[in-house]
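For reference, the structure is listed below as structure tokens.
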Amino acid sequence: MPKQIEELPLVGIQLNFSSDVPLYKQLYTLLREAILTGRFKGGQKLPGTRTFSNELNISRNTVVQAFEQLIIEGYLTGKIGAGTFITNDIPDKIFDSRKTQPSTKNKIKSTNFNIGKKNVHSNLIHRNIFEDKIIPFQNGLPSLEDFPFSTWLKIINRNGTYLPYLQFGYKDSTGYKPLKDAVANYLQTYRAVNCTAEQIVIINGSQQGLDLISRVMLKEKKNVLLEDPGYFGTRASVLSAKVNIFPVPVDEDGINIDYAIKNYPKSDFIYTTPSHQFPLGTTLSISRRLKLLEYAKKNNAWIIEDDYDSEFRYNGSPLPSLQGMDKFNRILYIGTFSKVLFPGLRLGYLVLPSVEMVEPFAVAKSIADRQSPIFDQIVLSKFIEEGHFTKHIRKMRMLYKERQDFLIDEIKKEIGNLLKVNPSNAGMHIVAWLPEKYNDKKVSSLAKENNLIVYPLSEYKLRFNQKPALVIGYTGFNKNKLKAGVFRLKKILTSYKN
Ligand SMILES: Cc1ncc(COP(=O)(O)O)c(C=O)c1O
């Protein structure tokens, strides 16, 4: 079928009827300007004189006069009445020299905004990473090619046909009820979370959970304890609330709660990743879990438990959540589908300690974005109910374990003298320790220049220095890519000079 040529819309063509400049001249100038600035492009078709006449409220004769002038000057081709087109061969030079420049009249300084790059870690703004290829060793990236998109599409097709259209209006901002039921069921069974569907708010990924907690619960000067090193997304979310941030060091048993007890006798919020500390990868020991709960109770503080990748546990069964051990109802539990399914889905859940707390979160969610996209929630709820979700997790757990083992073997074989790595019991990344004289930020930027992503551990720190190390994600890459990544890393590390 021949390609249909769409006519240009007459947006931005506005005549001034009280001006002394003749209307045909005004129309001529506006069209010429649109062509020279590249807004109307070579080959595009102008609407007919009748459309101009009707839409602009001018006579067809006026339009013909303007067109004739533009044809004479070479801006338009064709025959008036039979189709008029923008000329194809207007020299680029004209376009370039006349192209609309970004306005410099209102110079806006970044300090005029409350939020900007200065507030957030560059890793939170993942722009461009996916533009053309997936580069090792981006962290937290599931194996996208192994996601069962055909099953997902079948569910879309099935439900797209049978769903009552009523589902597509404005809905409950806390989420689609069957999805909340499915999540509650999953969390009780697999994460030992103590909850009902009524305590759940469906969110657009963990990041929104953190943002909603900040909006609803944080007040200026509240004391917020963060793991150090820790997740930059949390820091970015709490910053705008102008709270006091208190770093708590992390060791092989997770967040050092004894340090917090000793140094911060008053706290209001504690953010932690107990199942798999981000980024060091340690697990919060049982005795520390109990101390942390006790400390929160004593302070009347809230614990934000970010359970972002606990499903991927490679030795033994997944550890139960901290929430399941909490008898004092102090935990705001956040989970995400970004890791177990795919980040672009932008769905997650926030489990509140009591049903009474749902109302303010429902309001905050409505203010932020009214609700999460309903169709994705419907598809996801079916995906879970029909058993595809747990099946996919099981499959990915095996695949990721294999990838981690392969990566560690490759590193040991190729650069074991320069990078020290230990297997990680869980998660989607490993920490690789550099020789002490290496600067991890410098290694990371050299890697970037060589099309490789490795994260310097020092970038996650708040106060406590760490030995130089790289955070290396492995789950999103097949063995060939992992091998190629190690090869590139070897080149960078062996030619490194301080
Ligand atoms: C500690 C931590 N929490 C949460 C997330 C997931 O964020 P989201 O659900 O917004 O995609 C990540 C992703 O990298 C993470 O590292």
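Would you tally the net charge around residue 373, using a Cβ to Cβ cut-off of less than 12 Å, leaving residue 373 out, and scoring K and R as +1, D and E as -1? Show your work: numbers first, answer last.
Numbers: positive: 171, 346, 370; negative: 369, 376.
The answer is +1.
Please give the calculated 222 nm ellipticity per residue for the chain, where each DSSP H segment of at least 4 residues contributes -39500 (n - 2.57) and the sum is spread over every residue; nearest 500 deg cm²/dmol? Working shown, then result.
On the way: 15 runs with 190 residues, N = 498.
Mean residue ellipticity at 222 nm (helix-derived): -12000 deg cm²/dmol.
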Among 238, 350, 371, flag the residue with its Cα farthest along the positive direction of the charge dipole of the chain, charges on Cβ as +1 for Lys/Arg and -1 for Asp/Glu.
238
Could you compute how much accessible surface residue 392 exposes when probed at 1.4 Å, giving the result in Å² to the nearest 10?
10
For 325, 428, 357, give the ranking by accessible area with the largest first, probe 1.4 Å.
325, 357, 428
What dipole magnitude, in Debye to the nearest 20, does the chain give about its Cα centre under +1 on Lys/Arg Cβ and -1 on Asp/Glu Cβ?
900
Kindly provide log₁₀ I(q)/I(0) values, in the same order as q = 0.07, 0.12 Å⁻¹, from the Debye equation applied to equal alpha-carbon scatterers of the chain.
-0.54, -1.07
Sorted from largest down, what three extents in whole angstroms do the Cα atoms of the range 23-98 have along their principal axes?
34, 23, 19
Using alpha carbon positions and the Kirkwood radius, the Rg to Rh ratio of the range 318-366 is 1.03
When the C-alpha atoms of the range 337-491 are aligned to their principal axes, what extent does each axis show, in angstrom, from largest down?
54, 38, 28
Which of 141, 486, 423 sits closest to the plus end of the dipole of the chain, meaning its Cα is farthest towards the positive end, when Lys and Arg get +1 and Asp and Glu get -1 on the C-beta?
486
Where the only charges are on Cβ atoms (+1 Lys, Arg; -1 Asp, Glu), what is the dipole of the range 350-405 about its Cα centre, to the nearest 20 debye?
360
Roll a 1.4 Å probe over the protein heavy atoms and report the accessible area of residue 397 in Å², nearest 10.
70
Centroid-to-centroid separation of the range 467-498 and the range 309-328 [C-alpha atoms, Å]:
30
In sequence order, what are the phi-derived ³J(HN,Hα) couplings for the range 55-64 according to the Karplus relation 6.51 cos²θ - 1.76 cosθ + 1.60 with θ = phi - 60°, rounded to whole Hz, with x for glycine and proline?
6, 9, 6, 10, 6, 5, 4, 4, 5, 4
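Calculate, for the range 147-386, the solvent-accessible area per residue in square angstrom, rolling a 1.4 angstrom probe over the heavy atoms of the protein chains. If you can, show how the numbers build up before the last one.
Working: 9780 Å² over 240 residues.
Result: 41 Å² of accessible area for each residue.
Distances longer than 21 Å among the Cα atoms of the range 277-354: what percent of all pairs is that? Walk me through the numbers before you get to the answer.
Numbers: 968 of 3003 pairs.
Here the long-distance tail beyond 21 Å is 32 percent of all Cα pairs in the range 277-354.
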Let me know the Rg and Dmax you get for the range 132-286 when you use only its Cα atoms, in Å.
19.6, 60
For the range 341-362 and the range 183-211, compute the distance between their C-alpha centroids and round to whole Å.
6
Any idea which of 76, 8, 276 is furthest toward the positive side of the dipole for the chain, if Lys and Arg beta-carbons carry +1 and Asp and Glu beta-carbons -1?
276
Please list, short to long, the whole-number percent of alpha-carbon pairs of the range 337-387 in consecutive 10 angstrom bins beginning at zero.
20, 46, 32, 2
With a point put 7 Å past each Cα toward its Cβ, work out how far residue 448 is from residue 478 in nm, to one decimal.
2.9
Using a Cα-Cα cut-off of under 19 Å, which lysines could be cross-linked to residue 467, ignoring same-chain neighbours fewer than 8 residues away?
420, 437, 441, 442, 497
Tail fraction, Cα-Cα pairs, the range 147-386, threshold 26 Å, whole percent
37
Determine the distance separating the Cα centre of the range 18-91 from the Cα centre of the range 136-181; give it in Å without decimals.
47
Placing unit charges on C-beta atoms (Lys and Arg positive, Asp and Glu negative, everything else neutral), compute the dipole magnitude of the range 413-456 about its Cα centre in debye, rounded to 20.
60
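The values are calculated or read from the model by the stated rules, or taken from the named source; none is laboratory data. Nothing here was measured: the structure is a model prediction, and the numbers come from that model. Please note: Cβ atoms are built from the backbone with ideal geometry, for glycine as well, and neighbour counts cover all protein chains shown. Accessible surface areas use protein heavy atoms only, side chains included; no ligands, DNA or RNA. Shrake-Rupley method; radii C 1.70, N 1.55, O 1.52, S 1.80 Å.
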